[in-house]
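This report concerns only the one structure given below.
The values are calculated or read from the model by the stated rules, or taken from the named source; none is laboratory data. No experiment lies behind these values; they were computed from the predicted model shown. Backbone-built Cβ (ideal geometry, glycine too); neighbour counts: all protein chains shown. Side chains are part of the model used for accessible areas, which takes the heavy atoms of the whole protein and leaves out ligands, DNA and RNA. Shrake-Rupley method; radii C 1.70, N 1.55, O 1.52, S 1.80 Å.
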Amino acid sequence: MNPPSALRSTTALDHRSDIEGLRGLAILAVTAVHAWPDLLRGGFVGVDIFFVVSGYLISLLIFRDLGAGQFSFRDFYARRVRRLFPALCIVLATCLVASVLLTFPIESREIGKHVLAGSLFASNIALWMEAGYFDATSESKPLLHLWSLGIEEQFYILWPLAAAMMFRWRRYLFACIVALLVLSFLLNVFWVVEKAKGTFFLLPTRAWELLIGAALAYTVTFGVSAQLHERLCSLAARTPWLVRHWRDVASWSGVILIAAALALLDKGKHFPGWWALLPTTGTVLLLTAGPRAAFNRHVLSHRVMVFYGSISYPLYLWHWPLLVFPMLMGFEMDNAMRVLVLTASVGLAALTMEFVERPLRSGVWGSRTAPALCTVMILIGLGGWALKASDGLVAKYPPSVQALARAEFGNDFVQYRPSRCFLNLEQGPEHFAPECHDRRQGRTHHALLWGDSHAASLFPGLQQWTDGGPRSTALSQFTKARCPPLATLPSGSSRRCQEANEFVMQTIRQEKPATVVLAGYWSLYGASAAGNRPLADELLTTVQALRAAGVAHVVVMGHLPTWTRPLPRVLLAAWRDSGEVPERTRTAMDPRALAMDRALGAMLWGPGATFISPYEELCDVKGCLASLSKGGIAHPMVLDESHLTGDGSLALIERSHALLFN
């Protein structure tokens, strides 16, 4: 039985301007959220629209050729190369050159790694593997957006193989598509909280979004089953109004779902999860409605939307690097700058489409086009590998500043005792290692360090001082990422933080250390002027609980000096401009950290409690201590924006030891 016209097109691959316009809607949403994240917080669902559209269109091609007995893996992959490689090669090569000319080694090395991953269509895997507590923010990764391209290309590699295999049993092809779709969706729902990073970045939990498009493509190409056809005809007989207007009903329903996603979603939601059904179902409805639906005909098919849809791929590639590189160079991205950047992105995308994509997509070099593009991509990937292997060409810097240039490569984080006494975001108290509790014999004094990553950054200095100082002190460390030592946890605290804090408090009641040092990245938990006092009150509650538990001396460490950009880059920029590395600096200091330190310092902590202000110990009118010179070589005080190096930790402890161990 032939399928109803509602679910098939006369020619499956006829060009549809409304699909081009749907791509335009998606790219406008993505660029808007990247440029103004607080204006359209749900704009990231534009990527999910792309996934459904891509799965639909690519499956139409595959099913058409399989049905006609003309499918060729060689031709399919050659078309994919001609479609995807030209613009991507241009953008990757540009980022490679820009990183060498405009950025510091830590940035160059990371960009080189991401260029290599992008050339292999594995950006999503690279980002998943490097995601962690000390990972750089998205604003510092010019190729972050290639994660979605990695998912699509991995799907393009695997899906033709799976479809061709399943097509041998064509009777069960649709059931297999649905089964894979449901399996992927369920994995996404089950893991979106427990394995959030992997669920977001990896193909197994994202494939369902492309498979929804594939399922729709099957019904368009081969029709629906006879049983479903009969039910649709029965429904049509009972609802003649719906038969006449079903396209507009489907179209406007899709618009409402996508609008809801744009309005309701933000980074705080567990995504994809169930939430991803909003943009994906909305996209399916718009695709199903077809070009004759009023919204599709008048809005999506409008020449402005079609224009943005036609350049959506190169625009997606260009816009994010152009937004990120100015920030890496220290420019303030105000609204005028953002508008200028997006305008330049549109111009570059149009030029890329006209003079690069179209000529190469048409096979200007004949059968040699795809191999030539693959060769270029391999060379670009090797360039990225070389940049990563050379640590961002760090050797071009003079020896006196190479330590600064290498500082962010993460060597000193080992001194925090990560995953043992400094637990990560996911670990619970059972992961505290035996050495976290210092039970060495002959120690006359016992001190315990409790808090988050800022507390962990104090450990190297405390350890050196207690081991080498005049007082024989045992030093225990119980710290966990994004886990402040508070009875009532603020929003943003890590998983299992409550369990970890209860464990530490129980340990303190049993062991009764003479001194407990409390430290935290306080501005993470109360970053506004209104939020400082409640957090300080919660901290006071912890101090009182410790005193009641028999702790003789409680030390509250204030907020560590914090910068809005990684301090090594601030110092390198100063050296680049003046030829000298400043010992102290006020450049790029974060005012929220100072405000929090002052709010804590204004508290009355009561008898047996001491407050130490790192700002008072490390800063003066010239600024905060930022670098330490050892043998004529400059070393930074902190590794990133605020976490102390081993030398920086010791410098703070040496200046405050009288208050710590009174």
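Calculate what fraction, in whole %, of the accessible area of the chain sits on carbon and sulfur atoms when a 1.4 Å probe is rolled over the protein chains. Percent of accessible area from carbon and sulfur atoms in the chain: 61.
Here the Karplus relation 6.51 cos²θ - 1.76 cosθ + 1.60, evaluated at θ = phi - 60°, turns the backbone of segment 246-256 into coupling constants of 4, 4, 5, 4, 5, 5, 5, 4, x, 4, 4 Hz, with x for every Gly and Pro. Relative contact order of segment 99-162: 36 percent, from C-alpha pairs under 8 Å at least 6 residues apart in sequence.
Couplings 3J(HN,Hα) for segment 394-404, derived from phi with the Karplus relation 6.51 cos²θ - 1.76 cosθ + 1.60 (θ = phi - 60°), are 5, 5, 6, 8, x, x, 5, 10, 5, 5, 5 Hz, where x marks Gly and Pro.
Cα convex hull, segment 361-515: 197 Å³ per residue, rounded to a whole number.
Amide H contacts under 5 Å for VAL555: VAL516, VAL517, LEU518, THR610, restricted to partners 5 or more places along the chain or on a different chain, H placed in the peptide plane at 1.01 Å from N.
How big is the Rg/Rh ratio for the chain, C-alpha atoms only, Rh by Kirkwood, two decimals?
Here the Rg-to-Rh quotient is 1.04.
Across segment 539-622, C-alpha contacts under 8 Å between residues 6 or more apart give a mean separation that, scaled by the residue count, equals a relative contact order of 44 percent. Computed over segment 419-468, the Cα gyration tensor eigenvalues convert (square root of 5λ each) into semi-axes of 21, 14, 8 Å, ordered from largest to smallest. Diagonalising the gyration tensor over the Cα atoms of segment 551-662 and scaling each eigenvalue by 5 before taking the square root yields semi-axes of 28, 16, 10 Å, largest first.
Across segment 488-588, the volume of the C-alpha convex hull divided among the residues equals 134 Å³ per residue.
Suppose a student asked you for the relative contact order of the chain, using Cα pairs under 8 Å spaced at least 6 residues apart; what percent would you report?
For the chain, the relative contact order is 16 percent.
Derived value for segment 116-175: Kirkwood hydrodynamic radius 13.5 Å. Basis is the mean of 1/r over every pair of different alpha-carbon atoms. Across the options PRO359, PRO371, GLY383, the greatest Cα extent toward the positive end of the charge dipole of segment 345-410 (unit charges at beta carbon of Lys, Arg, Asp, Glu) belongs to PRO371. Segment 335-395: D in µm²/s via Stokes-Einstein (Kirkwood Rh, Cα pairs, 37 °C, 0.692 mPa s)? Result for D is 227 µm²/s.
Which value in deg cm²/dmol, rounded to the nearest 500, describes the helix-derived mean residue ellipticity at 222 nm for the chain, given -39,500 (n - 2.57) per DSSP H run of n ≥ 4 and division by the residue count?
-18500 deg cm²/dmol
Of all aspartates and glutamates in the structure, the ones whose alpha carbon falls short of 16 Å from that of LYS269, not counting any fewer than 8 places away in one chain, are ASP38, ASP48, GLU194.
Using the heavy atoms of the protein chains alone and a 1.4 angstrom probe, what is the accessible area of the chain per residue in square angstrom?
I get 44 Å² per residue for this part.
How would you rank 56-66, 71-81, 638-648, 497-507, highest first, on the average number of other Cβ atoms within 10 Å across their residues?
In descending order of packing, they fall as 638-648, 56-66, 497-507, 71-81.
Which Cα, out of THR587, VAL554, ALA573, lies furthest along the positive dipole direction of segment 468-612 (beta carbon charges, K/R +1, D/E -1)? Of the options given, the answer is ALA573. In this structure, the residue pairs whose Cα-Cα separation is over 25 Å, taken from LYS195/LYS388; LYS195/LYS480; LYS141/LYS195; LYS480/LYS630; LYS388/LYS622, are LYS195/LYS388; LYS480/LYS630; LYS388/LYS622. Working from the Cα coordinates of segment 447-493, the gyration tensor eigenvalues give, after taking √(5λ), semi-axes of 26, 10, 6 Å in decreasing order.
Using the scaling law 2.2 N^0.38 Å as the reference, what is the normalised Cα Rg of segment 311-363?
Working: Rg = 12.9 Å, N = 53, 2.2 N^0.38 = 9.9 Å.
It is 1.29.
Available extension along the chain between ASP248 and MET327 is 24.0 nm, counting 0.36 nm per residue and deducting the alpha carbon span. Averaging 1/r over every pair of different alpha carbons in segment 271-353 and inverting the result gives a Kirkwood radius of 15.2 Å. Packing here is the average count of other Cβ atoms within 10 Å per residue, and on that basis the peptides 16-22, 264-270, 624-630, highest first, run 16-22, 624-630, 264-270.
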